[in-house]
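Derivation of every value follows stated rules applied to the coordinates shown; laboratory data play no part. Just so it is clear, the structure is predicted and the values come from calculations on it, not from any experiment. Virtual Cβ from ideal backbone geometry, glycine too; neighbours counted across all protein chains shown.
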Amino acid sequence: MKKKIFVVAAVILISSRLIAQQVPSQQQEDTTKTLDEVVLTASKYPKKQSETGKVVTVINRQQLDHSGGKSLAEILNTVSGTTIIGANNNPGTNLTASIRGASGGNVLILIDGIPVNDPSAINNYFDLNLFAVDQIERIEILKGGQSTLYGSDAVAGVINIITRKASGNKLGVNAGVSGGSYGTFKEYAGLSGNNNKINYSVNYTHLNSTGFSSAYDSTGKGNFDKDGINQHAVNGNILFRANEKIQIRLSGSYNYYKTDLDASAFVDEKDYTVKNDNAQGGAGLVYNHKNGALHFNYLFNYVSRNYLDDSGYKSSPYVDYSKSLYVGRTHFAEVYNNWKWTNWELLAGIDYRFNNTFQRYFSIGAFGPYEPPILNVKATQFSPYASLIYKTENGFTMEAGSRWNNHSVYGNNFTYTLNPSLLIHHKVKIFANLYSAYKVPSLYQLYDESAGNKDLKPEKGIIGEAGTEIFAGKSFHVRIVGFYRNTKDAILYTYNPTTFESLYRNVSEQKNYGAELEANYTAGKLSVAANYTYTDGKTKSAFDGTGTELSKDTSYYNLYRIPKNAYNLTIGYQATKSFFVSALLHSVSQREEFIYGSSPAILKGYTTIDLYGAYQLGRKFTVFADFRNITDKKYFDWLGYNAKRFNFMVGINARL
C-alpha cells in the first residue's frame, strides 16, 4: 500500500513542478501543432491527441526508418511500460507482449484497427514474428483497459499495427537489402500508387538467418547447433474512392516462416522445426455523412503452426518422434458509426467474432505411440458498444462508454470506461481514466481434453490511471502516469503430481501498479527521448499450483520476466543534411523466473547500448549501419535461452 501511495504522490509532485517551469505563451502556436497530431486507436476514428485523456504512444515511419534492421519486437521493447519477452532472443522465438506487467494474452494486437488473435494458442495471443517492419507505416500503442472499444484481451492495452499505404500522387517504389551477424540477410520491395480514384500498395519481405543456438549451453561442451529462420511476407491493399462519400478497401497478406527449435531451456535439439503460416483477407467500407462516418470492417484470419520433432536426434528419453498441428481460424465483422456535433461526439457499433481451432498431436516414445483425440472446437462472441464524448471550449473533455459481450459458452459480461481530461492553455493536460476490461477463456482452456474447463469465466480487470502531459512547443514534451490494475477470476493452470490431474481454474486475483515517465526534447539538430517505468505486482490465490485448496488466500509476486525498473534513452543527431547518427541505451533491473515446485530463479539486470548511422546518397538512396549491444553484454531475458550478444546489420534502402 505504501508503494501505491508513493507512486501517486510522485506523479502529483513531479507534475506540479513541471507545470511551474513552463515556457511563456508565445509558443502556443507550436504547442498546438504538437497537440494536434491525429491518432486513430484512441477512439476508432481520427482524433487529435489534445482531445483525449488516453495514454497513446506513436512510433512513426521516420522512427522505423531509424531502427535499422531491428525487428518489431525489438522496437516495441523500448516503449515505456512495454516488455516483449523474447525480443532479444533468436529470430523466430515465441514472443509474449506485456504492458504494465500484464500476463500473456492481455495485450490485444490490431492490424489497421481490427483485432487479430490466434485461437489455437493457449492464451489467444497473436505472433509478433508475423509482421515485417518494412510493411508498417506507423504503430500506435494505447495503454489501459480498452475492452469497451476493442473487446476481449485488451486488458492492459492494444498495439495497433498500421500497414504501409501509398503516399504522394505518383507511382513509387521502395526497396532495400541488408545483411549482418548470425548469417542474416533481408530483402524487401514495395510498389505503390495513388490517383483520384485508387490508392494501392503491395510489399514483399524476405528474411533468412542461420541464427544461433536458442538454448543456452551451460557447460560449453554440448556442441549445440544453430537455430535459423527463413521467412517470406507479402502484404497488399487497395482503396477505391467511389465518390466523395464512399470509400471501399480491400486488403490481404500472407506470411510464412520456418524456424528451428530447441527442446527446452538448456537442452539442445537438432531436428525440431516449426512451420508457421498466416493468411488474412479483409474488406472495409466508409460512408462519410454530414456529421461523421459509417464504418464496416471484415477480416478473415488463418493461422497454422506445424511442429515436427524428427527421430534422428533424441533430446528426451520419453519421446523419439512427435508431430503436431495447431490451426486457428477467425472471422471478425463490425459496423459502427461516429457522429460529431459542436460539443458532443458519439460512437456506436456492434461486432461479431467467430473462433475455431483444429489441433492434432502424435508421438512415439518409450511407452509406445500416443495420439489423443483431435480437438476441433469453436466459439462465438456478439458485442454491441457505445462511447459518448463531451468537450467544452475551455479544454475539458469527458468520455464515457460501455460494451456488452455475449459469449456462446459462458454467457454475458459488461465493461465500462470513464475518461475525463483537462487541457490548460494548450500546454498542460491533466487526465484520470477508469476502465473495466475482460479476457475470455481461450478455446484450449475451455475444451482441452486433459485440462479444459467449460465452467471458466472471463478474467475481469479494473484499471485506473492518472497523470499529466506537458507541452512546450515542438521542442519539449513530457508525460507522467501512475497506473493500477486489479484482475479478478484470473485463469490458472493447476496440476497435481500425485493424482496426475490437471485443470484450468478461475482461482487467482492479480494486482499490478507502477508509474511511467516519458520525455522528448529537440533543439536544432539534436533530439533526445527518454523513458522510465516502475512496475510491481502480486497474485493472490486460494489454490496452490497443484489445485489444492489452501486454508487461506496466499499472496506472491507475479511479475515473472518483467523488470521492476526499466530505462530507455535515445539520442539522435542530424550531423549534416545527409548524415544522421543515434545511440540507444536500454537498461532493466533484475527479474524473477518461475520455477515449478521451487523458488523463483533470479535473472540479473543488464544494460545494452546500440549505435545507428545513416547517410543519404542523393534523394533516392540511404545506406545505414546498426550496431547492437556494442559492449557484448551477456544476459538472459528467458532463463536457459540465449540473448543476442554484439551484432550488427548494414544495408541500403531506395525510394524511387
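Specify whether the C-alpha gyration tensor of the stretch 339-389 places it in the rounded, prolate or oblate class, a ≥ b ≥ c being the square roots of the eigenvalues: rounded for a/c under 1.5, otherwise prolate if a/b is larger than b/c and oblate if not. Since a/c reaches 1.5 and a/b is larger than b/c, the shape of the stretch 339-389 is classed as prolate. If R0 is 22 Å, the Cβ-Cβ spacing of Asn291 and Ile462 corresponds to a FRET efficiency of close to 0.05.
Among Trp404, Gly81, Tyr573, whose Cα sits farthest toward the positive end of the charge dipole of the chain (+1 at Cβ of Lys/Arg, -1 at Cβ of Asp/Glu, about the Cα centre)? Result: Tyr573, furthest along the dipole toward the positive end.
Give me the distance between the Cα centres of the stretch 192-228 and the stretch 33-96, rounded to whole Å. The stretch 192-228 and the stretch 33-96 have Cα centres spaced 20 Å from each other. Taking trypsin sites (Lys or Arg not before Pro) across the stretch 189-254, the ones in a DSSP loop with at most 11 further Cβ atoms lying within 10 angstrom of their Cβ are Lys197, Lys221. Longest stretch of the chain clear of exposed loop sites (GluC sites (Glu not before Pro), DSSP loop, at most 11 other Cβ atoms within 10 Å, sites excluded): 1-243.
Using a/c under 1.5 as the rounded threshold, could you call the stretch 236-297 rounded, prolate or oblate? The axes a ≥ b ≥ c are square roots of the C-alpha gyration tensor eigenvalues, and prolate needs a/b larger than b/c, oblate otherwise. Prolate, because a/c is 1.5 or more and a/b exceeds b/c.
The H on the amide N of Ser120, modeled in the peptide plane, is under 5 Å from the matching H of Gly328, each at least 5 residues off or on a different chain. For His232, put the label point 7 Å out on the Cα→Cβ axis and report which residues of the stretch 278-322 keep their amide N under 14 Å from it. Those under the cut-off are 278-279. The magnitude of the dipole of the chain, with charges of +1 and -1 set on the Cβ of Lys/Arg and Asp/Glu and taken from the Cα centre, is near 1740 debye. Listed by Cβ neighbour count within 10 Å, with the fewest neighbours leading, Leu171, Leu375 appear as Leu171, Leu375. The ellipsoid that matches the Cα gyration tensor of the stretch 217-262 has semi-axes, each √(5λ) in whole angstrom, of 48, 9, 5, with the longest given first.
What FRET efficiency, computed as 1/(1 + (r/R0)^6) with R0 = 51 Å and r the Cβ-Cβ distance, is obtained for Lys165 and Asp310, rounded to the nearest 0.05? My answer for the efficiency is 0.75. Amide H contacts of Ser213: Asp227, each under 5 Å away and 5 or more positions distant or on a separate chain (H built 1.01 Å from N in the peptide plane; Pro and chain starts excluded).
Converting phi to 3J(HN,Hα) with the Karplus coefficients 6.51, -1.76 and 1.60 and the offset θ = phi - 60°, the stretch 510-519 yields 10, 10, 10, 8, x, 8, 10, 10, 10, 8 Hz in sequence order, with x at every glycine or proline.
For the pair Tyr256 and Asn394, the difference between a 0.36 nm per residue extended length and the Cα-Cα distance amounts to 44.5 nm.
Along the stretch 302-314 the Karplus relation, 6.51 cos²θ - 1.76 cosθ + 1.60 evaluated at θ = phi - 60°, assigns HN-Hα couplings of 10, 10, 9, 10, 10, 9, 9, 10, 6, 9, x, 10, 10 Hz to successive residues, with x for each Gly and Pro. Are there chymotrypsin sites (Phe, Trp or Tyr not before Pro) in the stretch 341-403 that DSSP puts in a loop and that have at most 10 other Cβ atoms within 10 Å, and which ones? Those that pass, being in a loop and sparsely packed, are Trp341, Phe367.
Note down the nm distance, to one decimal, between modelled labels 7 Å out along Cα→Cβ at Ala366 and at Val623. With each label placed 7 Å out from Cα toward Cβ, I get 5.8 nm.
Please arrange Ile159, Ile374 by how many other C-beta atoms lie within 10 Å of their C-beta, fewest to most. All intermediate terms of the calculation are to be shown ahead of the outcome.
Working: Ile159 28, Ile374 11.
Placing the least packed residue first, the sequence is Ile374, Ile159.
Packing here is the average count of other Cβ atoms within 10 Å per residue, and on that basis the peptides 623-630, 611-618, highest first, run 623-630, 611-618. For Asp112, the amide hydrogen comes within under 5 Å of the amide hydrogens of Ile161, Ile162, Thr163, counting only partners 5 or more places away or on other chains and with H modelled in the peptide plane. Fewest neighbouring Cβ atoms within 10 Å first, the residues Lys604, Lys564 line up as Lys604, Lys564. Shape of the stretch 2-655 from its Cα gyration tensor (a ≥ b ≥ c, root eigenvalues): rounded if a/c is under 1.5, otherwise prolate when a/b > b/c, or oblate? In terms of gyration-tensor shape, rounded. Placing a label point 7 Å from the Cα of Asp455 along the Cα-to-Cβ direction, the residues of the stretch 504-538 with a backbone N closer than 15 Å are 504-508. For the stretch 394-460, state which trypsin sites (Lys or Arg not before Pro) are in a DSSP loop and have at most 15 other beta carbons lying within 10 Å of their beta carbon. Of the trypsin sites (Lys or Arg not before Pro), the ones in loops of the stretch 394-460 whose Cβ has at most 15 other Cβ atoms within 10 Å are Lys454.
Applying the Karplus relation 6.51 cos²θ - 1.76 cosθ + 1.60 with θ = phi - 60° to the stretch 318-332 yields 3J(HN,Hα) values of 9, 10, 8, 8, 8, 9, 9, 9, 10, 10, x, 10, 9, 10, 10 Hz, where x marks Gly and Pro.
Suppose a student asked you for the relative contact order of the chain, using Cα pairs under 8 Å spaced at least 6 residues apart; what percent would you report?
Normalised by residue count, the contact order of the chain is 12 percent.
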